[in-house]
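Quick notes on the structure that follows.
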């Protein structure tokens with residue numbers, strides 16, 4: 001019955017194929033490590049604007065402009 | 001003081017009227033079961049693209065195309 | 001495929017019966033309003049210490065001591 | 001290593017400068033109170049439509065129309 | 001800069017070794033699929049009591065007693 | 001109407017006084033930057049075991065044992 005929430009910044013387009021790989025991979029991880037039922041494993045992906053994500057006290061927009 | 005977060009996939013439009021019913025119903029549920037103050041109950045609804053939601057290791061987009 | 005997260009402060013014990021009513025009620029709400037499949041609706045309840053929940057800039061512990 | 005998630009309703013535009021202040025301020029708060037490393041502090045801001053946020057059993061859209 | 005939250009029900013003990021595998025696997029998944037920096041990838045695991053998790057309108061405690 | 005969720009690892013005890021400062025500071029930040037109503041601002045603090053928090057593909061427990 002696991003629930004996995006993956007939050008990533010929008011940097012270029014994240015394709016449907018990449019999202020499918022994240023869903024498949026996260027579900028398989030819970031099978032491999034904890035033997036949980038894949039049928040009832042839920043994965044939700046959130047794409048976040050770089051202005052709305054901060055690290056080190058700065059937005060990712062600013063960090064990228066500085067080459068961090 | 002409860003906080004309720006409802007995440008649903010976007011399948012057709014979810015109308016303002018439906019959202020109002022979700023907010024009213026979730027708030028009332030906390031009153032009925034736990035006698036919590038409705039004035040300080042917060043409800044947040046997130047609408048998620050079907051590509052970004054997975055179950056059984058597949059996106060909802062793919063599952064719908066298979067008639068699941 | 002909805003996911004509902006209910007966060008409530010711990011004020012006295014929340015019984016297994018009350019939790020069951022929250023799960024049943026939240027699941028039914030999504031059926032009634034959006035016609036979503038109850039079998040794949042997930043509900044997660046988080047119980048939070050009153051020291052760890054704030055409103056109006058004060059913890060619930062402090063608010064309760066003031067009769068708010 | 002803190003993680004801070006700030007959810008706010010969209011009421012007018014929230015500018016990049018305001019988001020930068022939220023990120024800087026939340027990160028500094030964790031330094032000041034708990035002496036946590038700002039470099040590994042993550043802040044994520046979610047902007048929520050007023051139809052999708054409820055309080056007191058009503059959406060913020062409705063509350064604003066009533067002058068609440 | 002991804003953030004991954006894994007919620008699982010407590011069914012028997014989840015060992016430190018299993019948690020380490022979840023952290024390593026989720027971080028590697030983001031590297032493999034989206035080429036994100038593992039150093040700034042955060043993983044948080046929440047263990048949830050079976051009374052506090054519902055599916056199909058019932059708690060996991062009840063579902064397990066029915067052999068679901 | 002903002003909602004702020006602060007997740008921190010448990011490293012030593014986090015006192016009620018420190019939690020009160022986090023609640024007050026986060027609420028004031030939303031007043032200062034976005035002029036939001038402090039009375040309806042909710043803050044929830046989650047304390048997470050160091051085994052359950054990962055960064056750089058390792059748990060905080062392991063990172064601390066390596067002096068990171």
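Any read-out appearing in this document is the output of simple, stated calculations on the displayed coordinates, not a laboratory observation. Note that the structure is predicted; figures quoted are calculated from it, not measured. Positions of Cβ are generated from backbone atoms using ideal geometry, with glycine treated the same way; all protein chains shown enter the neighbour counts.
Observations, loosely collected:
- Annotation: the antiparallel percentage among DSSP beta bridges lying fully within the protein assembly as shown is about 50.
- Percent RCO, i.e. relative contact order, over chain F, from Cα pairs under 8 Å lying at least 6 residues apart: 43
- Pairwise FRET efficiency - residue F:68 versus residue A:66, Cβ, R0 = 22 Å, nearest 0.05: 0.40
- Approximating the spin labels as points 7 Å out from Cα along Cα→Cβ, the residue D:47-to-residue B:47 distance works out to 1.6 nm.
- Put simply, the range D:1-47 fits an ellipsoid with semi-axes of 22, 10, 8 Å; these come from the alpha carbon gyration tensor as the roots of five times its eigenvalues, largest first.
- Exam field: residue E:66 pseudo-label spacings to other copies (7 Å along Cα-Cβ), nanometres: 2.5, 3.8, 4.6, 4.6, 5.5
- The ranking of D:6, B:14 by Cβ neighbour count inside 10 Å, starting from the fewest, reads B:14, D:6.
- Where a label projected 7 Å from the Cα of residue E:17 along Cα→Cβ would reach, residues of the range A:30-68 with amide N under 15 Å: A:33-35
- Inverse mean reciprocal Cα-Cα distance (Kirkwood Rh) of the protein assembly as shown, Å: 21.5
- Antiparallel content of DSSP bridges confined to the range A:1-63, in %, to 5: 20
- Working note: 222 nm ellipticity from helices only, DSSP H runs with n ≥ 4, each -39,500 (n - 2.57), summed and divided by the residues of chain A, gives -11500 deg cm²/dmol to the nearest 500.
- Helix B:16-34 axis, angle to chain B major axis (alpha carbon atoms, nearest 10°): 50
- Axis proximity, chain D to C: residue whose C-beta lies nearest, plus whole-Å distance: D:55, 6
- Fewest-first ranking of F:47, C:13, using other Cβ atoms within 10 Å as the exposure measure: C:13, F:47
- Across peptide B:55-64, the average count of Cβ atoms from other chains found within 10 Å of a residue's Cβ is 6.
- Nearest-first distances (nm) between copies at residue E:17, label 7 Å from Cα via Cβ: 3.8, 4.3, 4.3, 5.6, 5.8
- Modelled label positions at residue C:10 and residue E:31, each set 7 Å beyond Cα in the direction of Cβ, lie 3.8 nm from each other.
- Sorted from shortest to longest, the distances between the residue A:46 label points of this copy and the other copies are 0.4, 0.4, 1.0, 1.0, 1.1 nm, with each point 7 Å from Cα along the line through the beta carbon.
- With N the number of residues in the range B:21-62, Rg(Cα) / (2.2 N^0.38 Å) evaluates to 1.68.
- Partner shielding of A:26-36 amounts to 6, given as the average count of beta-carbon atoms from other chains within 10 Å of each residue beta-carbon.
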